[in-house]
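Trainee: The structure that follows is given in the form of structure tokens.
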Amino acid sequence: MGLLKEIISKKNKSLKPIWLMRQAGRYLPEFREIRKRNLDFIKLCLDIKKVKQITLQPIKRYDLDAAIIFSDILMVPYGLGQKVVFKKNFGPQLGSINLNDIKNQPEKKFLKNLEPVYKSMGMIKKDKTIKKKDLIGFVGGPWTILLYMLNKSSPKKNLRKVLSDRSLIIDMIRYVNHFIQLHIYKQIKSGANIIQIFDSWAGLVKEKNLQDFVYEPTKKLVKLTRSLNTPCICFPRNIKNYPEYTQIVNPDVISIDYNVDPRKILKKIEIPIQGGMDPKVLLTNKKNLEKTTNYYLDVFKNHPYIFNLGHGVLPQTDPSMVEYLIKIVRKFNDRASKN
Ligand code: CP3
């Protein structure tokens, strides 16, 4: 068990653990080196040895408190038999799929397609590098996954009018959610001791649909995760009402995006909070990084808080800025433990 789980379970308020979304990725030269020789991204996510190596890259380089398995939220559509490719300078591009394809997918086939992910998790878990650290498994939120499946590319690039039949969407979310549950279950059984749900496009859902598209299905995932004695972190990026989400979905930790005012949210949420700082701060300078990091740490000094960003590390980030960020957080912790 690592520091994250300790903070979550004992509600330790003074120590602030740190890990970063997308901590393994394109800003690291050692990742780019592997990536340039492995042009098929999905294939890379299914290469057990390389997944382990990439997952541990940031852990070997930095003093982080948790590892997150190198994978992608789009491995679930892949497991369902949908074609998924990552095009350079474009992002993911998916093939077609319909409700019947999802309904008729045997669990066995889905699990076989994703078997290497679970094997990688088992291999990582056994590595001594993370003996005293947490190992985070993850899934995409049901809404975000369905949106990619139907839109077939990032909604950031072009959001098609794919979602008009409300009851069909609810039906599809239900079926997709079943497989997301399986994916959570298998990751935990393979060694993940924390699960994070990335609902990156939760902010696009209209208020009248939140209950059916986001709250209800996500609540099921949280329930399953917690029933397996595993804490669940939820990241409903850009959602308008974090306190309402937190109250209804009931996660162990709520991860906030960089549009959230940390002082305001602190007054409204009692459970442990994660993240918040804009990843663009890492693109500025050390002085500004120090000031902003200390601001977040200070706001949450009497609240259980896991330091992270308000979204993933950007590809153009200088790795030495990440190193400096971790140093600032450690310094804060040293001071706190002396007081
Ligand atoms: O956090 C980690 O270090 C673990 C690995 C991880 C990846 N993707 C690896 C990756 C995680 C947790 C994800 C989650 C993910 N994937 C999300 C949720 C978080 C978010 O960013 O909102 C989403 C929406 C995706 C889907 C996805 N994967 C997109 C849109 C893209 C292309 C654009 C981009 O942001 O990189 C990916 C590709 C991807 N996933 C890369 C990595 C390291 C880059 C692949 C490359 O080298 O080209």
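The values are calculated or read from the model by the stated rules, or taken from the named source; none is laboratory data. These numbers come from a predicted model, not from an experiment. Backbone-built Cβ (ideal geometry, glycine too); neighbour counts: all protein chains shown.
Trainee: Give me the helices (runs of 4 or more DSSP H) completely within segment 64-121, filtered to those with at least 2 residues that are in contact with a helix residue (DSSP H, G or I) (Cβ under 6 Å, 6 or more places away or on another chain) and in contact (Cβ under 8 Å) with a residue 60 or more places away in the chain, ordered by residue number.
Mentor: Working: elements: 75-79, 99-103, 107-113.
Qualifying helices (runs of 4 or more DSSP H): 75-79, 99-103.
Trainee: Let me ask something else. So for segment 56-66 (the condition being over 23 Å from LEU147 (Cα atoms), modelled with pLDDT of 95 or more, more than 9 Å from the ligand (Cβ to nearest atom) and among the small types (Gly, Ala, Ser)), does at least one residue qualify? Reasoning before the result, please.
Mentor: Residues of segment 56-66 that are over 23 Å from LEU147 (Cα atoms), as a first pass: 56-66.
Next cut, modelled with pLDDT of 95 or more only: 56-62, 64-66.
Now narrow it down to the ones that are more than 9 Å from the ligand (Cβ to nearest atom): 56-57, 59-62, 64-66.
In the following step, the residues that additionally are among the small types (Gly, Ala, Ser) were identified as 66.
Yes, segment 56-66 contains at least one residue that is over 23 Å from LEU147 (Cα atoms), modelled with pLDDT of 95 or more, more than 9 Å from the ligand (Cβ to nearest atom) and among the small types (Gly, Ala, Ser).
Trainee: Can you tell which of LEU325, LEU283 is surrounded by fewer than 20 Cβ atoms within 10 Å (Cβ to Cβ), among the aliphatic types (A, V, I, L, M) and closer than 29 Å to LYS60 by Cβ?
Mentor: On the way: LEU325 fails: surrounded by fewer than 20 Cβ atoms within 10 Å (Cβ to Cβ).
Only one candidate passes the filter, namely LEU283.
Rundown of residues vs (1) at pLDDT 95 or above; (2) away from the ligand (no atom under 16 Å from the Cβ); (3) under 23 Å from GLY275 (Cα atoms); (4) surrounded by 15 or more Cβ atoms within 10 Å (Cβ to Cβ), yes/no style:
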position	(1), (2), (3), (4)
LEU221	yes, no, yes, yes
LEU224	yes, yes, no, yes
SER227	yes, yes, no, no
PRO231	yes, yes, yes, yes
PRO236	yes, no, yes, yes
LYS240	yes, yes, yes, no
THR246	yes, yes, yes, yes
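Trainee: If a residue counts only when it is more than 16 Å from the ligand (Cβ to nearest atom), which helices (runs of 4 or more DSSP H) contained entirely in segment 1-48 have at least 3 such residues? Break it down into steps so the answer makes sense when it comes.
Mentor: Details: elements: 3-10, 29-36, 41-45.
Hits in segment 1-48: 3-10.
Trainee: Mind checking whether some residue in segment 80-101 is of a type in the set (Ser, Thr, Tyr), farther than 22 Å from PRO251 by Cβ and modelled with pLDDT under 95?
Mentor: So in segment 80-101, the residues of a type in the set (Ser, Thr, Tyr) come out as 96.
Next cut, farther than 22 Å from PRO251 by Cβ only: 96.
Okay, now just the ones that are also modelled with pLDDT under 95, so 96.
Yes, there is a match, as at least one residue in segment 80-101 is of a type in the set (Ser, Thr, Tyr), farther than 22 Å from PRO251 by Cβ and modelled with pLDDT under 95.
Trainee: I've got another one for you. How many residues, within segment 193-204, are surrounded by fewer than 24 Cβ atoms within 10 Å (Cβ to Cβ) and either more than 25 Å from ALA67 (Cα to Cα) or near the ligand (Cβ under 9 Å from one of its atoms) (or both)? Step through it out loud before you land on a result.
Mentor: To start, the set of residues in segment 193-204 that are surrounded by fewer than 24 Cβ atoms within 10 Å (Cβ to Cβ) comprises 193, 198, 203-204.
Those still in the list that are either more than 25 Å from ALA67 (Cα to Cα) or near the ligand (Cβ under 9 Å from one of its atoms) (or both) too: 198, 203-204.
Residues in segment 193-204 being surrounded by fewer than 24 Cβ atoms within 10 Å (Cβ to Cβ) and either more than 25 Å from ALA67 (Cα to Cα) or near the ligand (Cβ under 9 Å from one of its atoms) (or both): 3 in total.
Trainee: For ILE328, all conditions in the list (1) within 16 Å of the ligand (Cβ to nearest atom); (2) in a helix (DSSP H, G or I) hold save one; what is the number of the exception?
Mentor: (1)
Trainee: Taking the options LEU168, LEU150, name whichever one is over 20 Å from TYR118 (Cα atoms), within 15 Å of the ligand (Cβ to nearest atom) and among the aliphatic types (A, V, I, L, M). Explain how you work it out, then say what you get.
Mentor: Values: LEU168 fails: within 15 Å of the ligand (Cβ to nearest atom).
Only one candidate qualifies: LEU150.
Trainee: A further question follows. Out of all the residues in segment 1-42, which are of a type in the set (S, T, N, Q) and crowded, with 18+ Cβ neighbours inside 10 Å? Spell out the reasoning first.
Mentor: In the first step, residues of segment 1-42 are kept if they are of a type in the set (S, T, N, Q); the result is 9, 12, 14, 23, 38.
Listed by number, the list holds a single entry, GLN23.
Trainee: Could you tell me whether segment 296-318 includes any residue that is in contact (Cβ under 8 Å) with a residue 24 or more places away in the chain, of a type in the set (S, T, N, Q) and outside any loop (DSSP other than H, G, I, E, B)? I'd like the intermediate steps shown before the answer.
Mentor: Of segment 296-318, the ones in contact (Cβ under 8 Å) with a residue 24 or more places away in the chain are 296-297, 299-318.
Applying the additional criterion that residues be of a type in the set (S, T, N, Q) yields 302, 308, 316-317.
Checking which are outside any loop (DSSP other than H, G, I, E, B) leaves us with none.
Within segment 296-318 (the criterion being in contact (Cβ under 8 Å) with a residue 24 or more places away in the chain, of a type in the set (S, T, N, Q) and outside any loop (DSSP other than H, G, I, E, B)), the answer is no, since none of the residues qualifies.
Trainee: Return the residues of segment 122-147 that are part of a loop (DSSP other than H, G, I, E, B) and either closer than 28 Å to ILE97 by Cα or within 11 Å of the ligand (Cβ to nearest atom) (or both); say none if nothing qualifies. Break it down stepwise before answering.
Mentor: Taking segment 122-147 as the starting set, the residues that turn out to be part of a loop (DSSP other than H, G, I, E, B) are 127, 131-133, 141.
Listed by number, the list holds a single entry, GLY141.
Trainee: If you don't mind, there's one more thing I want to ask. Scan (1) crowded, with 17+ Cβ neighbours inside 10 Å; (2) in contact with a strand residue (DSSP E or B) (Cβ under 9 Å, 6 or more places away or on another chain) for the single condition GLN57 breaks and write down its number.
Mentor: Unmet condition: (2).
Trainee: With the requirement that a residue be within 15 Å of THR144 (Cα to Cα), near the ligand (Cβ under 9 Å from one of its atoms) and β-branched (Val, Ile, Thr), what does segment 67-79 give you?
Mentor: Passing the criteria: only ILE73.
Trainee: Only residues that are of a type outside the set (A, V, I, L, M, F, W, C) and within 16 Å of the chain's Cα centre (by Cα): list them for segment 27-57, please.
Mentor: Narrowing segment 27-57 to residues of a type outside the set (A, V, I, L, M, F, W, C): 27, 29-30, 32-33, 35-38, 40, 43, 47, 49-50, 52-53, 55, 57.
Of everything in segment 27-57, just one residue is of a type outside the set (A, V, I, L, M, F, W, C) and within 16 Å of the chain's Cα centre (by Cα), namely THR55.
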